[in-house]
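The values are calculated or read from the model by the stated rules, or taken from the named source; none is laboratory data. Worth saying up front: this structure is predicted, and the values here are computed from it rather than measured. Glycine also receives a Cβ, built like all others from the backbone with ideal geometry; neighbour counts cover every protein chain displayed.
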Amino acid sequence: MKNIVILISGGGSNMAAIVRASQKEDWSRRFGARVAAVVSNKGTAGGLVFAKEQGLDTHVLDHKTYADREAFDAALAAVIDRYHTPQEPVLVVLAGFMRILTPDFVEHYAGRLVNIHPSLLPAFGGLHTHQRALDAGCKFAGATVHLVTAELDHGPILQQAVVPVLPDDTAASLAARVLTQEHQIYPRAIAGLLSKK
């Protein structure tokens, strides 16, 4: 069985969308895969409640208690690798995980580390994507699922969704509309990856 470990920092709505899709679409039967655990760098992350309700393993590693980014990433990898088997390398899914990962961590999970970003990459990598799209006068915005590489918000694109930017949009209204698309394309992209394994 291929284990999927999802990393979150907040409410976990994308994580919840993935878990629900895995149940509804019976990923264990279709792909021999399951969401096994949810890990957060914040003990107050709302998504942990949902994960526990679903019977998933949950782990909290407070990044503030580690000496540096490297120490935190090493501890994080140690938790994730509990779900790795020689026959089935773990798939690591970033779902609102608000930490920049070290190159060593990214290399350790190369080809098995997935992220979703709330813009049409390569445009507007980094933070404040919706406001930046509005400030630039974009007519369209969206979200991108991609494999993670050492360069922030780069890597091969797996799925994208496009939404129109409306004349009265604020960053918040645009973000909400993009998020509904994220909940659709993220599970679809992961299912696509699993089907190729």
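Search region 75-115 for residues being farther than 24 Å from residue 17 by Cβ and among the hydroxyl-bearing types (Ser, Thr, Tyr), and hand back the single one that is surrounded by the most Cβ atoms within 10 Å (Cβ to Cβ).
It comes out as 102.
Quick check, is residue 53 acidic (Asp, Glu) and either crowded, with 17+ Cβ neighbours inside 10 Å or farther than 27 Å from residue 179 by Cβ (or both)?
The answer is no for residue 53.
Looking at region 7-18, can you tell me whether even one residue there is within 19 Å of residue 117 (Cβ to Cβ), polar (S, T, N, Q) and in contact with a helix residue (DSSP H, G or I) (Cβ under 8 Å, 6 or more places away or on another chain)?
Yes - at least one qualifying residue is present in region 7-18.
I'd like to know if region 158-172 contains one or more residues that are touching a Cys at 6+ places or on another chain (Cβ under 7 Å) and buried (at least 16 other Cβ atoms within 10 Å of the Cβ).
Checked against the condition, which is being touching a Cys at 6+ places or on another chain (Cβ under 7 Å) and buried (at least 16 other Cβ atoms within 10 Å of the Cβ), region 158-172 yields at least one hit.
Anything in region 177-197 that is within 29 Å of residue 88 (Cα to Cα) and either in a loop (DSSP other than H, G, I, E, B) or among the polar types (S, T, N, Q) (or both)? List them, or say none.
Hits for region 177-197 are 184, 195, 197.
Give region 156-176 a look and list any residue that's in contact with a helix residue (DSSP H, G or I) (Cβ under 9 Å, 6 or more places away or on another chain), part of a loop (DSSP other than H, G, I, E, B) and within 16 Å of residue 123 (Cα to Cα), or say none.
Answer for region 156-176, where residues must be in contact with a helix residue (DSSP H, G or I) (Cβ under 9 Å, 6 or more places away or on another chain), part of a loop (DSSP other than H, G, I, E, B) and within 16 Å of residue 123 (Cα to Cα): just 165.
Taking only pairs six or more apart or across chains, which ones have beta-carbon atoms under 6 Å, a first residue in region 5-33 that is closer than 21 Å to residue 79 by Cα and modelled with pLDDT of 95 or more, and a second residue that is part of a helix (DSSP H, G or I) and of a type in the set (Val, Ile, Thr)?
5/80
Against the conditions (1) exposed (fewer than 13 other Cβ atoms within 10 Å of the Cβ); (2) modelled with pLDDT under 95, where does residue 153 fall short? Just the number, please.
Only one criterion in (1) exposed (fewer than 13 other Cβ atoms within 10 Å of the Cβ); (2) modelled with pLDDT under 95 is unmet by residue 153, namely (1).
Of all residues in region 115-139, which are within 19 Å of residue 183 (Cα to Cα) and either small (Gly, Ala, Ser) or out of contact with any helix residue (DSSP H, G or I) (no Cβ under 9 Å at 6 or more places or on another chain) (or both)?
115, 119, 121
Going by what's in this entry, would residue 74 be described as in a helix (DSSP H, G or I), of a type in the set (A, V, I, L, M, F, W, C), closer than 28 Å to residue 177 by Cα and more than 13 Å from the chain's Cα centre (by Cα)?
The answer is no for residue 74.
Would you say residue 136 is loosely packed, with under 15 Cβ neighbours inside 10 Å and either modelled with pLDDT under 95 or not charged (D, E, K, R) (or both)? Steps first, answer last, please.
Numbers: loosely packed, with under 15 Cβ neighbours inside 10 Å: yes; either modelled with pLDDT under 95 or not charged (D, E, K, R) (or both): yes.
So residue 136 fits the description; yes.
Is at least one residue of region 37-46 in a helix (DSSP H, G or I), without any contact (Cβ under 8 Å) to a residue 12 or more places away in the chain and either out of contact with any helix residue (DSSP H, G or I) (no Cβ under 7 Å at 6 or more places or on another chain) or over 27 Å from residue 184 (Cβ atoms) (or both)?
Within region 37-46, not a single residue is in a helix (DSSP H, G or I), without any contact (Cβ under 8 Å) to a residue 12 or more places away in the chain and either out of contact with any helix residue (DSSP H, G or I) (no Cβ under 7 Å at 6 or more places or on another chain) or over 27 Å from residue 184 (Cβ atoms) (or both).
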